[in-house]
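Enquirer: Take a look at the following structure, please.
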Amino acid sequence: MRIVVGSDHAGFPLKQEMADLLREEGHEVVDVGTHSTAPVDYPDSAAAVGRAVVDGRAERGVLICGSGVGASVAANKIKGVRAAICHDVYSAHQGVEHDDMNVLVLGGRIVGPALAGELVRAFVGARYAAEERHARRLAKVTALDNR
C-alpha cells in the first residue's frame, strides 16, 4: 500500500519511526515532511497529507502532531479527508471498517512508539466493510462535506 506520512516538529521523531516501520512491512511511503524538529505549523502538514490522499498519490495517510488534535481538525477541513485521532487499537481499525477513515492522526507527545506501531498496523490492515448501514452513514458524511 502507498501511505503518505507527515508531521509537524512535535511529531517528527514518531513520524520517522512510523515511516521506517511501514517500509519494513513492505509499504511504499511518501514522506511530505517535516524533516526536522525545527518549528513548523501543523496545518501545513495536515494539508500535505490530506491532499496526497485526496489526489490519489497515496491510499491512506498517517499524520502526527504534538497532541494529534490540531492536525485532526485541520486535516478534516480538506474535502474528502476522513481523519481521526486514535490512541487505541480498536478505534484505529474500526474507523476504517465502519467510517472509511483514510487518515490516522496520532499525538507524538501522547503515544509512544510501541503503541503507535500497533495503531498504524491496525489502521493499515483494516478494510472498509461497505455494509449497508456503513455505506448509508458514509453517504450522509459525504453530503455534509458537499454542503
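Enquirer: What do you get for the angle between helix 113-125 and the principal long axis of the chain? Use alpha-carbon atoms, 0 to 90 degrees, nearest ten.
Expert: 30 degrees
Enquirer: While we're looking at this one, here's another question. Please compute the length gained on full extension between H134 and D31, using 0.36 nm multiplied by the number of residues separating them and subtracting their Cα-Cα distance.
Expert: Numbers: separation 103, 0.36 × 103 = 37.08 nm, distance 3.08 nm.
That pair, H134 and D31, stretches by 34.0 nm at full extension.
Enquirer: With angles folded into 0 to 90 degrees, how steeply does helix 12-24 sit against the dominant principal axis of the chain? Use alpha carbons for both and round to 10.
Expert: 70 degrees
Enquirer: Still on this structure, please answer the following. By per-residue mean of other Cβ atoms within 10 Å, what is the highest-first order of 107-115, 49-57, 65-73?
Expert: Details: 107-115: 16.1, 49-57: 19.3, 65-73: 21.9.
Descending packing order for the listed peptides: 65-73, 49-57, 107-115.
Enquirer: Work through the residues other than H87 whose Cβ is under 15 Å from its Cβ and net out their charges, Lys, Arg +1 and Asp, Glu -1. Numbers along the way, then the final one.
Expert: Details: positive: R109, R121; negative: D88, E118.
Overall, the nearby charge balance is 0.
Enquirer: Mind checking the dipole of the chain: about its Cα centre, +1 per Lys or Arg Cβ, -1 per Asp or Glu Cβ, Debye to the nearest 20?
Expert: Values: 17 positive and 19 negative charges, 111 e Å.
Result for the chain is approximately 540 debye, rounded to the nearest 20.
Enquirer: Still on this model: Would you mind telling me which residue in H87, H98, H134 has the biggest mean-square fluctuation in a Gaussian network model of the chain, where springs connect alpha carbons within a distance under 10 angstrom?
Expert: H134
Enquirer: Let me ask something else. Kindly express, to the nearest 10 degrees and within the range 0 to 90, the angle between helix 89-99's C-alpha long axis and the longest C-alpha principal axis of the chain.
Expert: Tilt of helix 89-99: around 40 degrees.
Enquirer: Right, next: Given labels modelled 7 Å from the Cα in the Cβ direction, how far is it in nm from A38 to V89?
Expert: Here the modelled spin labels are 3.9 nm apart.
Enquirer: Show that you can apply the helix-only estimate: for the chain, add -39,500 (n - 2.57) for every DSSP H stretch of four or more residues, divide by all residues, and state [θ] at 222 nm to the nearest 500.
Expert: Numbers: 6 runs with 71 residues, N = 147.
About -15000 deg cm²/dmol.
Enquirer: When a/c reaches 1.5 or more, the comparison of a/b and b/c decides; with that in mind, is segment 9-121 rounded, prolate or oblate per its Cα gyration tensor? Intermediate values should be presented prior to the final figure.
Expert: Working: a/c = 1.21, a/b = 1.05, b/c = 1.16.
The shape class here is rounded.
Each reported figure results from applying straightforward, stated rules to the coordinates on display, with no laboratory input. None of the values given here were measured: they were computed from a predicted structure. All Cβ positions, glycine included, derive from the backbone under ideal geometry; neighbour counts span all protein chains shown.
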